[in-house]
Structures are given as structure tokens and as C-alpha cells.
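Undergrad: Have a look at this one.
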Amino acid sequence: MEPASPFVHDAKLFLVILVFLSTTNITSSAATSPRGFVTELIHHDSILSPFYNASATVADRATRARERSVARLSYLKAAMSGTPDSVRGIMFPGEGVFLVSMYIGNPPVHQFMYMDTGSSLTWLHCFPCIGCTTTTPIYDPSRSSTYYPLPCDHDPYCAANCDMQRNECTYGAVYADGASSSGNFATEDLMFYIENEGETFASDIIFGCARAVNEPYRDISGIMGLGNGERSLANQVGTKFSYCIGSLDDPNYAHNRLVLGNGAVLVGRSTPLDLDMGHYFLSLVGISVGNEQLPINRRVFRRRWPGTGGVIIDSGAEWIYLVRDAYVQLRSTVERIVGSYLARVTIRNHPGWLCYRGSASIDLEDFPPVTFHFDGANLVLGVTSMFQVVTSTSFCMAVDKANGQTPDDINIIGMLAQQHHNIGYDISRRMLYIRQTNCERVN
Ligand SMILES: *[C@@H]1O[C@H](CO)[C@@H](O)[C@H](O)[C@H]1NC(C)=O
């Protein structure tokens with residue numbers, strides 16, 4: 001693998017997408033459940049997660065959430081700023097927020113894949129794998145009766161990316177920070193299962209069978225790409241998906257759900273989805289705090305050609321990122337309200353954050369809801385979406401500015417903001433459905 005040529009890989013993989021689009025016949029089936037492919041989403045820090053760390057403190061979790069969000073901002077910025085004909089969705093997105101519980105092969109092997117709406121390649125560790133140290137059982141294709149490697153004559157991409165000895169179509173992707181995953185393309189059957197709700201199978205799903213990975217992809221099973229690329233799992237099982245996310249703070253919360261395909265829950269008000277470069281953009285028109293509409297020119301949220309600006313709804317960040325003009329307004333409103341009765345504190349290593357000494361659950365009891373007004377639908381943020389507890393005696397606003405160093409600032413709506421909502425993506429009709437809800441009742 002050429003270490004310094006991510007764009008060469010990206011360009012090659014882009015060809016794959018085009019070729020698969022025309023040659024692959026996807027046969028998915030939802031045999032037992034009328035709702036389609038339904039499965040559990042597990043927060044990275046949940047007790048249900050293989051990464052659960054019982055000795056991690058609230059402060060540790062907040063730091064990690066913040067680190068994930070910062071890494072995500074960098075990833076999405078890089079993804080947006082390339083030339084229009086390269087494929088950003090192939091670059092690797094870093095560690096995610098939610099794990100998808102999923103089974104692969106026959107007999108099925110349980111995997112925990114990161115859900116990623118910001119990339120479109122699905123890959124997972126395949127035994128034998130160099131560098132894989134995953135904590136969950138590794139999938140071994142030689143023990144599965146439904147594994148089919150794509151052969152070199154599958155299409156022109158495979159002919160050009162062929163492991164002659166094995167007659168296998170290969171993939172390799174290198175991210176700018178040196179992270180990489182490489183292996184071969186194959187098809188497999190996936191199973192989604194929820195206790196008391198049954199199982200569903202998706203056949204002949206194309207995925208990357210990772211035979212070599214390095215940091216930071218050693219410990220995770222893989223990534224489930226739900227971006228808008230043609231080969232994305234979202235597009236292989238239908239053209240819809242939805243998720244319902246409850247409390248991110250509660251490590252015992254067990255009702256987060258992902259629904260793929262036509263059973264996706266598309267409820268509530270809808271707003272246009274702008275699909276570009278594999279990412280999901282929304283049209284944000286304003287923000288209000290309580291009844292007060294902030295004086296923000298809606299133009300600051302618009303996309304600017306080529307590949308700058310805009311508002312991305314994203315599964316890989318927890319925090320919200322806003323361009324400077326919007327951030328300044330929201331921050332000063334929070335300062336005016338909360339600063340009138342609580343003292344500011346400075347968090348070590350993060351002098352720029354807006355943090356206060358106090359208890360978010362007690363001291364913010366009267367803080368008004370913050371509404372993000374999209375064209376046609378609203379996202380209403382309660383206190384636990386706007387603020388993150390960082391120590392036992394302090395909390396910070398979970399909104400940061402998308403840094404003014406480059407002109408290609410983007411706005412990101414991360415997962416904290418999506419708590420207590422069902423979010424439905426209708427890719428073919430280009431609409432996003434938002435409904436504030438209790439996920440225990442929806443599921
Ligand atoms: C778990 O959290 C503790 C406390 O922060 C930390 O020292 C330890 O390295 C963590 N363990 C793992 C496996 O991440």
C-alpha cells in the first residue's frame with residue numbers, strides 16, 4: 001500500500017462505487033419482522049458496550065466525548081475541503097459514538113460496529129487479521145458458509161485491484177493521520193436481532209473484509225457506513241433508515257434503536273436533506289432560546305461552493321459545532337442567563353469552553369429549551385443536550401465554535417442534540433424526519 005497517497009486510494013474506491021452500482025444485485029430480505037432491519041444501538045460508554053470502563057469517571061467520559069467531537073470536526077472539515085471529484089466518504093472517521101449490534105455470516109458471529117453517517121464504506125475485522133485486537137469475537141470467513149470474496153473479474157475496479165494469488169478484489173484505505181484498514185471486498189449475510197422482537201437477515205451485503213488494520217482501528221470490530229455513498233449499507237438495504245436515541249448520560253439506557261431499510265420510522269415534521277459527498281446536510285434557518293430568536297443571519301448556515309459551509313447532521317460527534325456568528329450569539333445568551341447566577345470556571349486544557357460551577361441538573365432547572373429551526377421542522381434541545389457535566393462540580397455548554405482559522409467552517413449537529421428524538425432519513429426522497437419522543441415507547 002502506498003502510504004502517502006490517500007487520494008489515489010480514494011479515487012480507486014470511487015470507481016468501485018460506480019461499478020458496484022451497475023453490477024451488483026442486492027437481495028435483502030426482511031423475513032420475520034415487518035419492521036425491517038431493527039437493531040440495538042449501544043453508546044460507547046454504556047454498560048452494554050464492550051468498551052465499558054467501570055472505573056471511568058464522569059470527567060473521563062466528558063473528556064472522551066469532547067475528544068471524539070474534536071476528531072470528528074477535523075474529519076468532516078477534511079472531508080468537505082477536498083476536490084469535488086474525490087470521495088471523502090471513504091476516509092476513515094475515527095472512533096464513533098454508537099455501536100451497532102449486528103451478526104455476520106452463517107453461523108452468525110456477533111459484532112459491534114460503529115454507526116457512521118459520515119462515511120460510506122462498511123468494513124470489519126476478518127480472521128486472520130494483522131493488527132486486530134478486537135475485544136469481541138472476530139469473524140472468520142473460512143467458517144462461514146455464506147462468505148463470497150469478490151473475484152478479480154468481478155468488474156474493472158477489481159481487475160485493477162487484484163490479489164492474483166488469491167483471486168480476490170482488494171481494498172485499501174489510508175487516512176491522513178496514518179490510520180488504515182485494508183483487505184478484500186466480499187459479500188455476506190447480515191443478521192439483526194433484538195430480544196423479544198425477532199431477527200431479520202440482509203443477504204449479499206458488500207463489505208470490506210479487513211485483513212490488516214492499525215491504530216485506532218485495532219479494538220473495534222469495524223465501521224458501518226451509513227453515509228450517502230452508493231455502496232453505503234444505507235443504500236444496500238433500501239434507501240431509508242432511522243434511529244431513536246435516549247439519554248447519553250445514562251450508562252444503563254437500553255432503548256436506543258437503529259432501523260435500516262423500508263421499516264425505517266419516518267415520523268414527525270420533515271425538512272429537506274441535501275445529499276452531497278456522502279454527507280447529510282440540513283437547512284438551518286435560525287436558533288432560539290426560549291421565545292427569543294437569536295439575531296443570526298441565516299446565510300451563515302448556508303453551503304458555499306465548493307464544499308464549504310453548511311450544516312451536517314452527524315452520528316460521529318457528540319457536541320454541536322457552529323460557525324462563529326451563530327456561536328457568538330448562542331454563547332452570549334447562555335452567558336447572560338446562566339452567568340447571572342453561577343460563577344464561571346476554567347477547565348484545565350480547555351480555556352475556551354463556557355463552563356460554570358454548579359450542578360446542571362439542579363442549577364439549570366429553569367434554563368429554557370433551545371430550538372434549532374430547520375426548514376419545516378424543529379429540533380428542541382433540553383438542558384442535557386445543551387450542556388455536558390464535566391466534573392462533579394461543573395458543567396460546560398456542549399456547543400463549540402467550528403474555529404475560524406479556515407474559511408471552510410461547517411456546522412455539525414452531533415448526537416447530544418439528537419437525544420430524545422427519532423430521526424428518520426429518507427434518502428431517495430431527500431427528507432429528514434424529526435420527532436421528539438421517548439424511545440422506550442417508540443420501540
Ligand atoms: C478506565 O478508566 C480509568 C480511569 O480513567 C483509566 O485509568 C483506565 O486506563 C481505563 N481503562 C481502559 C481499558 O481504558
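The values are calculated or read from the model by the stated rules, or taken from the named source; none is laboratory data. Nothing here was measured: the structure is a model prediction, and the numbers come from that model. Ideal geometry is used to build each Cβ from the backbone, glycine not excepted, and the neighbour counts take in all protein chains shown. Calculation scope for accessible area: heavy atoms of the full protein, side chains included, ligands and nucleic acids excluded. Shrake-Rupley method; radii C 1.70, N 1.55, O 1.52, S 1.80 Å.
Undergrad: So if I check each of 327, 321, 280, which one is more than 20 Å from residue 226 (Cα to Cα), in the same structural domain as residue 423 (by TED's automatic domain parsing) and part of a strand (DSSP E or B)?
TA: 321
Undergrad: Can you say whether residue 284 is buried (at least 17 other Cβ atoms within 10 Å of the Cβ) and within 29 Å of residue 437 (Cα to Cα), as far as the supplied structure shows?
TA: Yes.
Undergrad: Which residue, of 254, 264, 202, is small (Gly, Ala, Ser) and closer than 28 Å to residue 388 by Cα?
TA: Exactly one of 254, 264, 202 is small (Gly, Ala, Ser) and closer than 28 Å to residue 388 by Cα, namely 254.
Undergrad: Going by the structure shown, is residue 390 of a type in the set (Val, Ile, Thr) and under 23 Å from residue 292 (Cβ atoms)?
TA: No.
Undergrad: A further question on this structure: Does residue 228 qualify as being touching a helix residue (DSSP H, G or I) at 6+ places or on another chain (Cβ under 8 Å) and either farther than 25 Å from residue 66 by Cβ or open to solvent by less than 10 Å² (accessible area, probe 1.4 Å) (or both)? Give the steps one after another, and end with the answer.
TA: Numbers: touching a helix residue (DSSP H, G or I) at 6+ places or on another chain (Cβ under 8 Å): yes; either farther than 25 Å from residue 66 by Cβ or open to solvent by less than 10 Å² (accessible area, probe 1.4 Å) (or both): yes.
Yes.
Undergrad: Right, next: Kindly indicate which of 392, 340 is without any contact (Cβ under 8 Å) to a residue 12 or more places away in the chain and over 25 Å from residue 96 (Cβ atoms).
TA: Numbers: 392 fails: without any contact (Cβ under 8 Å) to a residue 12 or more places away in the chain.
Sole residue among the options that is without any contact (Cβ under 8 Å) to a residue 12 or more places away in the chain and over 25 Å from residue 96 (Cβ atoms): 340.
Undergrad: Can I ask one more? Would you tally the residues in region 243-274 being open to solvent by less than 10 Å² (accessible area, probe 1.4 Å) and touching a helix residue (DSSP H, G or I) at 6+ places or on another chain (Cβ under 8 Å)?
TA: Here the count works out to 5.
Undergrad: On the basis of being free of Cβ contacts under 8 Å to residues at least 40 places away in the same chain and in contact with a helix residue (DSSP H, G or I) (Cβ under 8 Å, 6 or more places away or on another chain), does residue 167 make the cut?
TA: yes
Undergrad: Also: Out of 74, 49, report the one residue that is modelled with pLDDT of 50 or more, small (Gly, Ala, Ser) and within 16 Å of the ligand (Cβ to nearest atom). Before the answer, list the steps.
TA: Values: 74 fails: within 16 Å of the ligand (Cβ to nearest atom).
Every option except 49 fails the conditions.
Undergrad: Here's something else I'd like to know. Being assigned to a strand (DSSP E or B) and either assigned by TED's automatic domain parsing to the domain that holds residue 241 or open to solvent by 40 Å² or more (accessible area, probe 1.4 Å) (or both) is the filter here; which residues of region 297-310 pass it?
TA: 303, 304
Undergrad: Specify the residue that is least open to solvent (accessible area, probe 1.4 Å); the eligible residues are those in region 352-407 that are under 22 Å from residue 273 (Cα atoms) and part of a loop (DSSP other than H, G, I, E, B).
TA: 402
Undergrad: On to the next question. Does region 288-296 include one or more residues that are open to solvent by less than 40 Å² (accessible area, probe 1.4 Å) and at positive phi? So that I can check it myself, show each step before the final result.
TA: Restricting attention to region 288-296, the residues satisfying the condition of being open to solvent by less than 40 Å² (accessible area, probe 1.4 Å) are 288-290, 294, 296.
This time we only want the ones that are at positive phi, so: 290.
So far as region 288-296 goes, yes, one or more of its residues are open to solvent by less than 40 Å² (accessible area, probe 1.4 Å) and at positive phi.
Undergrad: Still on this structure: Here are the criteria: (1) modelled with pLDDT of 85 or more; (2) part of a loop (DSSP other than H, G, I, E, B); (3) open to solvent by 10 Å² or more (accessible area, probe 1.4 Å). Tell me which single one residue 40 does not satisfy.
TA: (2)
Undergrad: With region 120-198 as the region, which strands (runs of 3 or more DSSP E) entirely inside it contain at least 3 residues that are within 23 Å of the chain's Cα centre (by Cα) and at pLDDT below 90?
TA: The qualifying strands (runs of 3 or more DSSP E) are 168-174, 180-194.
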